[in-house]
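The values are calculated or read from the model by the stated rules, or taken from the named source; none is laboratory data. Nothing here was measured: the structure is a model prediction, and the numbers come from that model. Please note: Cβ atoms are built from the backbone with ideal geometry, for glycine as well, and neighbour counts cover all protein chains shown. Calculation scope for accessible area: heavy atoms of the full protein, side chains included, ligands and nucleic acids excluded. Shrake-Rupley method; radii C 1.70, N 1.55, O 1.52, S 1.80 Å.
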Amino acid sequence: MKIYFHINFNTLTNSYLVVNEDTKQALIIDPCTVSKELINQIEDGGYTLSATLITHKHTSHISALSTIRKIYDIKVYGADPEAAGQINVLQGDGRIRVAGLDIDYFSIPGHSSDSIAYKVGTVLFTGDVIFAGKIGSSSCNYTKTRLCNGIKTKIFSLPEETVIMPGHGPLTSVGAEMQFNLDVGEKNSFGG
């Protein structure tokens, strides 16, 4: 597996092109931008773009989806059926096979009702659920508690070396967040 990082500099939102090097299939996680570099990576690499995975429906994370759909015939996966037109709705936790890759998904509401994280191999794509040193914003204490509990039970149960690729900011790892995250780390007493 190969992962290409892309950023929309207007919104400082991360997007990822994930490539299965064996099958030459690819998928995009959170299509926030369409750039010449992205299209060249797909076309020059001889990849077949087969899907996009949406971590949540906020506009900054899906702003390029309609353009991607005009260029490529793709399937779209996410938790909210109203997020992007025709979509394969994922509920709860489970596993799908996309682009020849086994992808585990975890519903972790709190930042938004449709927040979902995707694990491909040893990499976790979290959208706005968790970032380096913090968690996504929440509308009230109830949703913050729900988000923290989801992070503790679903993300912190993964191996510490699992790489976290968030929707904004730099990469991190499960181990680093367990130790240093200001909102949910082991050294923090919020929520138990």
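Rounded to the nearest 10 degrees, the angle from helix 141-150 to the longest Cα principal axis of the chain is 70 degrees. What net charge do the residues around LEU158 carry, taking every other residue with its C-beta under 14 Å from that of LEU158, with Lys and Arg at +1 and Asp and Glu at -1? Result for the neighbourhood of LEU158: -2.
Where both partners of a DSSP beta bridge lie in the chain, what percent of those bridges are antiparallel, to the nearest 5?
Numbers: 29 of 43 bridges.
Looking only at bridges with both residues in the chain, the antiparallel portion is about 65 percent.
Within straight-line reach of LYS119, meaning a Cα separation under 12 Å, sit the following aspartates and glutamates at least 8 residues removed in sequence or on another chain: ASP93, ASP102, ASP104. Ignoring aspartates and glutamates fewer than eight residues from LYS134 along the same chain, the ones with Cα atoms less than 16 angstrom from its Cα are GLU177, ASP183, GLU186.
Would you mind finding the longest exposed-site-free stretch of the chain, with exposed GluC sites (Glu not before Pro) meaning DSSP loop and at most 10 other Cβ atoms within 10 Å?
On the way: sites that count: GLU82, GLU161.
Within the chain, the longest run free of exposed GluC sites (Glu not before Pro) spans 1-81.
Ordering TYR4, TYR142 by accessible surface, largest first, gives TYR142, TYR4; the 1.4 Å probe counts only protein heavy atoms, with every chain in place. How large is the Kirkwood hydrodynamic radius of the stretch 124-167, in angstrom, based on all distinct alpha carbon pairs? Its Kirkwood hydrodynamic radius stands at 10.8 Å. Residues in the stretch 1-19, backbone N under 19 Å from the label point at ASN40 (7 Å along the Cα-to-beta-carbon vector): list them, ranges by number please. Only 3-9, 15-19 pass the distance filter. Measuring only protein heavy atoms, the 1.4 Å probe finds THR23 accessible over about 70 Å². Using a cutoff of 8 angstrom between alpha carbon atoms and counting only pairs six or more residues apart, the relative contact order for the stretch 22-96 works out to 29 percent. Probing with 1.4 Å while keeping every protein chain in the model, the per residue accessible area of the stretch 47-180 equals 44 Å².
Send over the per residue convex hull volume for the chain, Cα only, as a whole number of Å³. Please list the in-between numbers first.
On the way: hull volume 20.3 nm³, N = 192.
With only Cα atoms used, the chain gives 106 Å³ per residue.
Note: relative contact order over the chain, using C-alpha pairs below 8 Å and six or more positions apart, is 15 percent.
With unit charges on the beta carbon (Lys/Arg positive, Asp/Glu negative), name the residue among PHE106, ALA51, ILE164 whose Cα is farthest towards the positive pole of the charge dipole of the chain. About the Cα centre, the residue reaching furthest to the positive side is PHE106.
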